[in-house]
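One structure is given here, and the rest of the page talks about it.
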Amino acid sequence: MKRGQRKPSKTDTEVSGSVSGSNVVVNHASRGAAASQQVSDGGGAGVSAPATTGTIEALPMFRDVPVSERQQLFLRKCYVCCFLFDFSDTLKSIKEKEIKRLNLVELVDYVQSGSSKITEANQLEMIRMISVNIFRCLPPGVHENTGAVSMEADEDEAYLEPSWPHLQLVYELLLRYIISTDTDTKVAKRFIDHSFVLKLLDMFDTEDPREREYLKTILHRIYGKFMVHRPFIRKAINNIFYQFIYETERNSGIAELLEILGSIINGFALPMKEEHKLFLVRALIPLHKPKPIAMYHQQLAYCIIQFVEKDNKLADTVINGLLKYWPITNCQKEVLFLGELEEVLEATQATEFQRCMVPLFRQLARCLNSPHFQVAERALFMWNNEHIVNLIAQNRTVILPIIFEALETNIQGHWNPAVHGLTSNIRKMFMEMDSQLFEECQRQHAEKQAHDKTAQDQRQQTWQRLEDGAVVHQIG
């Protein structure tokens, strides 16, 4: 289960209240909901839960009231938008849902227009309303219902939040508030504090891709605008990764978090802080371990490449990390690793390459002989990269003896004709690169084969003598 505990059911989390003669669902037990928590405004003032009963009435538009009354109207609209409705029944509370939607649209337009500065009290109430709406108990994931281990699912089958018509507007309101030039960070940081950021990060586990996209944009904007929160956000994302790697291997938002980090890493100043290098070693490289890596590998590889391009000396650390988590039985994962490895090698300089080339090409030799043709083919494609070929040429006296046997094995009997053809091309490349070295490797390979055959014949003779002796003993 997500977070390692049972998800409350719908009946656990919803309380019905009478609003204008219709039922309005108010969520009291939402995970991290601001309805049951406090939103800090510097003095630690608490915010009460949204009303469960009352009436939702249509409010006038901002343009229809005098400027002097708009702040009060803004507050009233926030109160109305604190009501939460049950979207599982599309015929329920239709009028009230539409009233709330229109009020949310009005609030978004008001904040976006910047026609009037919002008072601090109203900012507090707006953030409270946003928290009540977005911080909620997430429904069980598909894997929790089916017991499936894999997190992979088609986008067509992705869970879509029923309350999205309202939720989207709430997220849009939060985004417009954060990016608004009228928003004073010194004031806003009292409402968008560490607690708020943590709850926002919790929401990344939603299975609705539309919501994750909004969360990604909003968190990125918070990181950019609130410099005071930057170390905390990086540490909090770190902790999510640790939980995913070492505990659950289940979180729907890893790709989005990595996408944010890709942009953050791109902005790291040089020389790189030790904290950032530790993040690479302790979080990013171990993210190659979980089974569902295919869901976020593209974003992960981008982050890794950013580190290597920023600091070339990290290349051997990354390559050794990849070798540490190299898959043994998962061929599709192996293909992903080979693709990432090529990108890393493209940004690797000769000094770092020499530090890791021996274990690297031992692993590549195993890949060349893989019975899965996609793995062998992807490994052979490395020789299509001019930079990698140059690195190999400079260190051919070390590399060719390591992979020569793998090349000969493919030539003699790989079942796939494409692999056989690519191997022939690489063999020819080495021959033209250094014919003397190639002939020496060929001679050593022939000697090794002859030695292996002699050892095999001796083993067979030994077993034959043992069998003959056993027969004689039985007869005697």
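The values are calculated or read from the model by the stated rules, or taken from the named source; none is laboratory data. Worth saying up front: this structure is predicted, and the values here are computed from it rather than measured. Don't worry about glycine lacking a Cβ; one is built from the backbone with ideal geometry, like all the others, and counts go over all protein chains shown. Areas reflect the complete protein model, heavy atoms only, side chains present, ligands, DNA and RNA absent. Shrake-Rupley method; radii C 1.70, N 1.55, O 1.52, S 1.80 Å.
Numbers below:
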item	result
Where Asp434 falls short, out of the listed (1) closer than 21 Å to Asn395 by Cβ; (2) buried (at least 16 other Cβ atoms within 10 Å of the Cβ); (3) not polar (S, T, N, Q)	(2)
Helices (runs of 4 or more DSSP H) contained in the stretch 200-313 and holding at least 2 residues surrounded by fewer than 17 Cβ atoms within 10 Å (Cβ to Cβ) and of a type in the set (D, E, K, R)	209-225, 230-243, 274-279
Complete set of residues in the stretch 211-258 that are more than 23 Å from Ile179 (Cα to Cα) and among the aromatic types (Phe, Trp, Tyr)	Phe241, Tyr242, Phe244, Tyr246
Criterion (part of a helix (DSSP H, G or I), open to solvent by 70 Å² or more (accessible area, probe 1.4 Å) and either under 22 Å from Leu336 (Cα atoms) or aliphatic (A, V, I, L, M) (or both)) met by exactly one of Arg355, Arg443, Arg366, Arg378	Arg366
Inter-residue pairs, beta-carbon under 9 Å, first at positive phi and modelled with pLDDT of 95 or more and in the stretch 234-248, second among the hydroxyl-bearing types (Ser, Thr, Tyr) and open to solvent by less than 60 Å² (accessible area, probe 1.4 Å), 6+ apart	none
Test: Val335 is open to solvent by 10 Å² or more (accessible area, probe 1.4 Å), modelled with pLDDT of 95 or more and assigned to a helix (DSSP H, G or I)	yes
Neighbours by Cβ (under 7 Å, 6+ apart or cross-chain): first from the stretch 290-306, closer than 15 Å to Ile265 by Cβ; second open to solvent by 20 Å² or more (accessible area, probe 1.4 Å) and part of a helix (DSSP H, G or I)	Gln299/Glu259; Ala301/Glu343; Ile305/Glu343; Gln306/Asn266
Residue among Arg190, Arg212, Arg221 that is touching a residue at least 60 places away in the same chain (Cβ under 8 Å) and basic (Lys, Arg)	Arg190
Selection from the stretch 190-233 of residues that are closer than 21 Å to Trp164 by Cβ, β-branched (Val, Ile, Thr) and in contact with a Ser or Thr (Cβ under 9 Å, 6 or more places away or on another chain)	Thr206
Some residue of the stretch 63-71 being at pLDDT 50 or above and touching an Asp or Glu at 6+ places or on another chain (Cβ under 8 Å)	no
Any pair with Cβ under 9 angstrom, 6 or more apart, that starts in the stretch 93-116 at a residue that is open to solvent by 80 Å² or more (accessible area, probe 1.4 Å) and ends at one that is acidic (Asp, Glu)	Gln112/Glu172
Selection status of Phe83, open to solvent by less than 50 Å² (accessible area, probe 1.4 Å), touching a Lys or Arg at 6+ places or on another chain (Cβ under 7 Å), modelled with pLDDT of 90 or more and not basic (Lys, Arg)	yes
Only one of Thr454, Thr423 that is surrounded by 14 or more Cβ atoms within 10 Å (Cβ to Cβ) and of a type in the set (S, T, N, Q)	Thr423
